[in-house]
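S.K.: Structure below; questions to follow.
No value in this document is a laboratory result; all are computed from the given coordinates. None of the values given here were measured: they were computed from a predicted structure. All Cβ positions, glycine included, derive from the backbone under ideal geometry; neighbour counts span all protein chains shown.
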Ligand code: ADP
Ligand code: MG
C-alpha cells in the first residue's frame, strides 16, 4: 500500500499581486524521489517557497495536505516540525553562528529534544564523512566564505541531521562540479528511505543519473504540464521546453 506524504491539489499562489502557481497538482508517496524541471521563471522556487510557507507567497486557491493535514495556514516553523525541509537555491551566510551550533540548535528546535554537545558532535562527524566534508567546517561560520559547492553540501548535511519526512531540494546541484554532484547525490540517495520522500528541483540531467528518480515532472507557467520517468529529462536535454510552453509570447 502506498502511503501518501503530500498531496498538492489545484494550488494557486500569488506574490506581489502576481499569480505564479496556476493550478498545480502533485502527489508524493513515502519512498519516492520526484524531480521537477522547467524553464526559468516557471514557478519552481515559488512552489518550494509556498510549500514551506514563505510569508510573501499567498495561497489563493487549492490545498496542501501534508501527513493527512491541511497545512495551508501553518507557519514556517510548524511546517519544519511536521517534517518539511527546504534546501535553498541561494543559501544565506550567517556570520557569528558556526555550522555545528546552527545544526544543533535547529535539531533541538525541530525534534523538541535537547541535543547533548558530545553526542551531537559524534553524529555530525559521521554525516560529514559521508558527504566528504572536512570536519573543520563544523567550526566555521555558516556559509561564510563557503564556495558554491560547500554551501550546497552544507544544505544536504542539514537535511541528513534534521531528518525531514519530505525534503525539497531547490537546485542543490547548480554550480557544482561533477565530483560534488556525485557526492551530493550519494548523500541524497543514502538519505532516501521508505519513511521519507524527496522532491528535487533541477536544471541538469547529471544529478538524475545518480538519483534514479521515480517521477520527472515538467513545470511550465505555474502548472505541471507533463509527468514521466527519466526519459522525459533526456528529451528535455535534447529538445528543450518549447513543446510544453503554453504562452508562446
Ligand atoms: P523558477 O524557480 O522556476 O526559475 P521562480 O519561482 O523563482 O521561478 O519565479 C517565478 C516567477 O515569480 C518569476 O516571474 C519571478 O519573478 C516571480 N517571483 C518569485 N518570487 C517573487 C517575489 N518575492 N516577488 C516578486 N516576484 C516574484
Ligand atoms: Mg528557482
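S.K.: What whole number of Å gives the distance from the Cα centroid of region 40-65 to the Cα centroid of region 137-158?
M.R.: First find each Cα centre; the distance between them is then 26 Å.
S.K.: Sticking with this structure for a sec: So for the chain, averaging the separation of alpha carbon pairs under 8 Å that are six or more residues apart and normalising by length, what relative contact order in percent results?
M.R.: About 27 percent, as a whole number.
S.K.: Taking only Cα atoms, what is the 0 to 90° angle, nearest 10, from helix 178-191's long axis to the longest principal axis of the chain?
M.R.: Long axis of 178-191 versus the principal axis of the chain: about 90 degrees.
S.K.: Let me ask something else about it. Please check: in the Gaussian network model of the chain (C-alpha springs, under 10 Å), which one of 53, 139, 229 has the largest mean-square fluctuation.
M.R.: Its mean-square fluctuation being the largest, the pick is 139.
S.K.: Could you work out which residue, out of 159, 133, 37, moves most in a Gaussian network model of the chain, that is, has the largest mean-square fluctuation with Cα springs under 10 Å?
M.R.: Ranking 159, 133, 37 by mean-square fluctuation puts 133 first.
S.K.: Got a sec? How would 185, 192 order by Cβ neighbour count within 10 Å, fewest to most?
M.R.: 192, 185
S.K.: Where is the GNM fluctuation largest for the chain (alpha-carbon springs, 10 angstrom cutoff): 129, 49, 29?
M.R.: For the chain, modelled as a Gaussian network with Cα springs under 10 Å, the answer is 129.
S.K.: How much of the DSSP bridge set in the chain is antiparallel, in percent, rounded to the nearest 5?
M.R.: Working: 25 of 42 bridges.
The antiparallel fraction comes to roughly 60 percent.
S.K.: Starting with the fewest neighbours, write out 35, 15 ranked by other beta-carbon atoms found within 10 Å of each beta-carbon.
M.R.: Result, fewest neighbours first: 15, 35.
S.K.: Roughly speaking, what is the centre-to-centre gap between region 77-114 and region 208-249 when only Cα atoms are used, to the nearest Å?
M.R.: That distance is 31 Å.
S.K.: Turning to a different aspect of this structure: Sort 32, 238, 135 so the one with the fewest other Cβ atoms within 10 Å of its own Cβ comes first.
M.R.: Taking fewest neighbouring Cβ atoms as first place, the list is 238, 135, 32.
S.K.: Need one number: nm distance between label points at residue 193 and residue 30, each 7 Å from Cα along Cα→Cβ, rounded to one decimal.
M.R.: The modelled label-to-label distance comes out at 1.1 nm.
S.K.: Just subtract the alpha-carbon distance of residue 118 and residue 209 from 0.36 nm times their residue separation and send over the number in nm, one decimal.
M.R.: Length gained, residue 118 through residue 209: 29.1 nm.
S.K.: Still on this model: Report the semi-axes of the equivalent ellipsoid for region 141-249 in whole Å, largest first, where each axis is √(5λ) for an eigenvalue λ of the Cα gyration tensor.
M.R.: 26, 16, 13
S.K.: While we're looking at this one, here's another question. May I ask you to compute the full-extension gain from residue 125 to residue 78, defined as 0.36 nm times their residue separation minus their alpha-carbon distance, rounded to one decimal in nm? Working shown, then result.
M.R.: Details: separation 47, 0.36 × 47 = 16.92 nm, distance 2.77 nm.
Extra length available between residue 125 and residue 78 comes to 14.2 nm.
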